[in-house]
Amino acid sequence: MDRAKYVIVGGGLAGFNAVAPIRERDPDGRLVLLTDEQERPYDRVPLSKRYLQGALSRDGVFLRPAEFFEENQVELHTRKRATKLDAKAKVLSLEDGTELRYDKLLLATGGWPRRLPLPGADLQGIHYLRTLEDSDALKGAMEHAKRLVVVGGGFIGCEVAAAGVLKGLDSTVVEVGPYLLNLAFDEPTGRWVMEYLAAKGMKVRCGERATKFHGEGGRITGVETASGPVIPADLVVVGVGLIPNTALAKAAGLAVDNGIVVNERLEASAPDVYAAGDVARFYSPVFERHLRVEHYDVAVRHGKVAGANMAGAGVAFTELPYFFSDMFELRIHVHGTLSDHDRILLRGERKVTEQGGFVQFYMKGGQVMAYLGVNRKLKEERAAQRLIASRRTFEDTTPLEDPSTDLAALSG
Ligand SMILES: Cc1cc2nc3c(=O)[nH]c(=O)nc-3n(C[C@H](O)[C@H](O)[C@H](O)COP(=O)(O)OP(=O)(O)OC[C@H]3O[C@@H](n4cnc5c(N)ncnc54)[C@H](O)[C@@H]3O)c2cc1C
């Protein structure tokens, strides 16, 4: 049976970023990187933004040129799906019937878009967005479309609708929650973002549940909602969340609980198996609990830690989660976790000018759990990171709310 010292399943950001730290510590150990996609590793972030808008070339989305893999002795296999893991025997089975024995295995299998199983779901013109192929198909469809309806008002949905507006499409977002981006923002900020996007030309219909896709001749013609008339559409994008790709791990008997459960060194519950990126539910020593984060920065840093540990480093992932989103001139940056708070503070006025935007602090028990900055400066973000990591408890939160106080001085 074929054998490799290091096997990485998944050629996304997490899987790819494990390569360099392995090679730094072990220049020659056999390293196999498997992806079931047809492309070599690329960045998904521009797929709903600059690439979709036509502002970035196709070459520009790839993480490295094709030669990189050979030059670094990485056996990259595209269109290769791992179908079974025997964690006791340390053997991975692939779709093509081959088996691969590993010494160290990284599961960086990411996730897939949640499907909306509504009547009419098979009509042509309904798109999901996760892969470069998806983005190519959507971009092509946008060239001919006039009316875009996006179902789901999360970050990806809003970014796609923004790309639609920039391309001159009549673009509507349908969101079941009371306001856009409601999993991340509090209501006043979500409503503020909504007004901002509406002023840019985006139509927003919140509090409406899509119930049916209408079509004619097999093609989409509109989206019906529970409360209103059919919204005409010749192009629909569904962005209603991600399901972590845990099938391999689950079938192998690894601990899985909304993601593959790993410790702070990203080790899964079987020896020599690691998990990283969107699929990993990791222990955060900063917040002293498990988190699963579906964002770029965590995937990159997880990959680096997992790779280093596969090659024997024994380091912990101690970073704060971080993510960003761009829509028109809005630049949203979040450090920490938004999912656990008992209070949200506003620092500055909720507006964006040439001088900058505003900040929110997500608090729990007087501690800062997250910093959310809209159009702020990097220097301030660094100070906020230190503040969160300090775990300082604020009896009086006035200094956090007062824009004239220096954040750098607050972390103690
Ligand atoms: C359109 C879009 C825009 C985004 N924008 C932002 C943003 O602005 N900011 C931000 O912070 N984050 C953003 N993200 C999220 C970010 O891109 C992800 O968090 C990151 O790509 C996750 O990387 P990953 O390696 O964990 O998983 P993935 O990128 O999902 O990679 C997993 C790979 O594993 C492959 N795979 C799965 N199972 C198998 C198997 N059994 N065998 C072989 N291969 C397998 C998959 O096909 C996939 O290629 C965006 C995501 C998308 C889709």
Within the stretch 383-405, residues being open to solvent by 80 Å² or more (accessible area, probe 1.4 Å) and touching a helix residue (DSSP H, G or I) at 6+ places or on another chain (Cβ under 8 Å) number 2
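Looking only at the stretch 104-119, filter to residues that are assigned to a loop (DSSP other than H, G, I, E, B), open to solvent by 30 Å² or more (accessible area, probe 1.4 Å) and touching a residue at least 12 places away in the same chain (Cβ under 8 Å); which one of those is farthest from the ligand (Cβ to nearest atom)?
Taking the stretch 104-119 first, the residues assigned to a loop (DSSP other than H, G, I, E, B) are 108-110, 114-119.
Then drop every residue that is not open to solvent by 30 Å² or more (accessible area, probe 1.4 Å), which leaves 109, 114-119.
Next cut, touching a residue at least 12 places away in the same chain (Cβ under 8 Å) only: 109, 114-116, 118-119.
Details: THR109: 4, ARG114: 12, ARG115: 15, LEU116: 16, LEU118: 21, PRO119: 26 Å.
Checked the stretch 104-119; the qualifying residue farthest from the ligand (Cβ to nearest atom) is PRO119.
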Within the stretch 305-339, of all residues that are among the charged types (D, E, K, R) and within 12 Å of the ligand (Cβ to nearest atom), the one surrounded by the fewest Cβ atoms within 10 Å (Cβ to Cβ) is ARG331
Taking the stretch 222-255 and keeping residues touching a Gly at 6+ places or on another chain (Cβ under 6 Å) and among the polar types (S, T, N, Q) leaves ASN245
Residue count, the stretch 265-301, condition open to solvent by 60 Å² or more (accessible area, probe 1.4 Å) and of a type in the set (A, V, I, L, M, F, W, C), comes to 0
Filtering the stretch 389-402 down to residues that are under 30 Å from the mean Cα position of the chain (by Cα) and under 20 Å from ARG376 (Cα atoms) yields ALA389, LEU400, GLU401
Those residues of the stretch 91-103 that are within 13 Å of the ligand (Cβ to nearest atom) and surrounded by 14 or more Cβ atoms within 10 Å (Cβ to Cβ) come to a total of 4
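The values are calculated or read from the model by the stated rules, or taken from the named source; none is laboratory data. Only a predicted model underlies this, so the values are computations on that prediction, with no experimental measurement involved. In this analysis, Cβ positions are derived from the backbone assuming ideal geometry, glycine residues included, and neighbour counts consider all displayed protein chains. Surface accessibility is based on the protein's heavy atoms, side chains included, excluding ligands, DNA and RNA. Shrake-Rupley method; radii C 1.70, N 1.55, O 1.52, S 1.80 Å.
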